[in-house]
Amino acid sequence: MSSYKIAVIPGDGIGKEVIPEGIRVLEAAAASAGVKLSFTHFDWSCETYHQTGRMMPVDGLEQLRGFDAIFLGAVGFPGVPDHLSLWGLLLPIRRAFNQYVNLRPVRLFEGLQSPLANKKPGDIDFYVVRENVEGEYSAIGGIQYEGTDEEVVLQQSVFTRKGTDRILRYAFELAQSRDKKHLSSATKSNGLFHSMPYWDKRFADMAEDYPEVKTDQFHIDIFTANLVRMPEYYDVIVGSNLFGDILSDLGPACTGTIAIAPSANINPEKEFPSMFEPVHGSAPDIAGQNIANPLGTVWAAAMMMQHLGNQTMHDQIMAAMEAVIREGKALTRDMGGTASTQELGQALVDQIASG
Ligand code: NAD
Ligand code: IPM
Ligand code: MN
């Protein structure tokens, strides 16, 4: 019997509400697939920060290292500045475990209504491949002449050749494996003088290795407009840490709700555990009301099983999700229904049990 050790970090806000549903669904699928999953919970969160001054213990990353995967809810809550909570927990995990690929699928499901006119399932079906450990996300920089009229803040971006090439390579390989074989790169090489022209050049050079892949490049400003105007044009999108982040909220918004979108933080070499989470955050505005949509977390759970090599469990979870959405069973408010978080979780468990 295959068995996997999963580290679970529910985190903050609705992270604590959606993760239990993700686990319920995983357990149902594991029971039917004859797989053993063991879950170890870590209550690291903004509450930990208030108690200890840290988001996780000093040896937190060491504690996670031996797991097969990490399953995370959301990090950040009012009361702790976001840059401190995120640089105290989520971002160090991505970096320490070299999870340099952030894979974020975007799909319009049958049964959900796109806010864009005349879009039907099949029209929106693409991947955002986001660079996940460098780029604009950097703690390099600082403030000078603080408190004076000359005060200046510098924020450094970092684009290494290794880091740029490996994310581009992953995106080209993914595009090559798909029917449309179409890869679009998001940059801003008219305004950002060094980093973005560099990315464009690496992209153009690598395209020569993939003659079958159709490529194009758009500046991020018009890219966001195009994504709304003609989402069906896109197949695989590759972007830096910041641009990939922006496009991966915009894309799911075009599919009816950001709350179904998953995020796989992948270390492709499997030297370290990868991390799976919903794209959304801790949603303080609805936390504690039992109305959060758990589907982003559930889809992330399916991606986790696929990453661990269990395609059967992945397919089973996805089929349950598709059926529940298609039949309009137990949908939460963001999808036009009235169900609670747990009712939707239960509908998925029932769907899996019914085969
Ligand atoms: P958010 O994603 O938490 O919420 C944005 C909007 O979407 C809110 O109106 C919220 O109610 C709604 N929403 C989000 N998830 C939902 C769900 N599952 N079901 C129904 N509605 C949902 O983004 P934000 O408001 O910018 O951030 C809130 C906090 O979360 C901040 O501290 C931020 O830093 C953090 N954050 C963390 C992550 C992460 O852990 N990966 C991601 C994004 C934001
Ligand atoms: C996400 C989030 C994070 C990011 C924040 C909370 C640092 O928005 O996972 O998309 O930008 O990576
Ligand atoms: Mn984001």
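Using the alpha carbons of the chain, what is the convex hull volume per residue in cubic angstrom, as a whole number? Display every interim value, and only then the final one.
Numbers: hull volume 53.1 nm³, N = 355.
Measuring per residue, one finds 150 Å³ for the Cα hull of the chain.
So how strong a dipole does the chain carry about its Cα centre when Lys and Arg Cβ are +1 and Asp and Glu Cβ are -1, to the nearest 20 debye?
Numbers: 29 positive and 44 negative charges, 145 e Å.
In debye, rounded to 20, the chain gives about 700.
Just to check I understand the Karplus step: with θ = phi - 60° and J = 6.51 cos²θ - 1.76 cosθ + 1.60, what whole-Hz values come out for region 303-309, glycine and proline as x?
Result, ordered by residue: 5, 4, 5, 5, 4, 7, x Hz.
If you plug each phi of region 171-180 into the Karplus form 6.51 cos²θ - 1.76 cosθ + 1.60 with θ = phi - 60°, what whole-Hz ³J(HN,Hα) values come out, in order, with x for Gly and Pro?
Those phi angles translate into 5, 4, 4, 5, 4, 4, 7, 9, 4, 6 Hz.
Go through region 224-229 residue by residue and turn each phi into a ³J(HN,Hα) via Karplus (6.51, -1.76, 1.60, θ = phi - 60°); whole Hz please, and just put x for glycine and proline.
5, 5, 4, 4, 7, 6
Counting only pairs 8 or more places apart or on different chains, how many lysine pairs in the chain have C-alpha atoms closer than 26 Å?
28
Over region 125-253, with a single point scatterer placed on each C-alpha, what log10 of the ratio I(q)/I(0) does the Debye formula yield at q = 0.14, 0.17 1/Å?
Here the Debye-derived log intensity ratios amount to -0.62, -0.85.
Taken together, the values in this text are just the output of simple stated rules run on the coordinates, not laboratory data. Since this is a predicted model, take the numbers as computed values, not measurements. All Cβ positions, glycine included, derive from the backbone under ideal geometry; neighbour counts span all protein chains shown.
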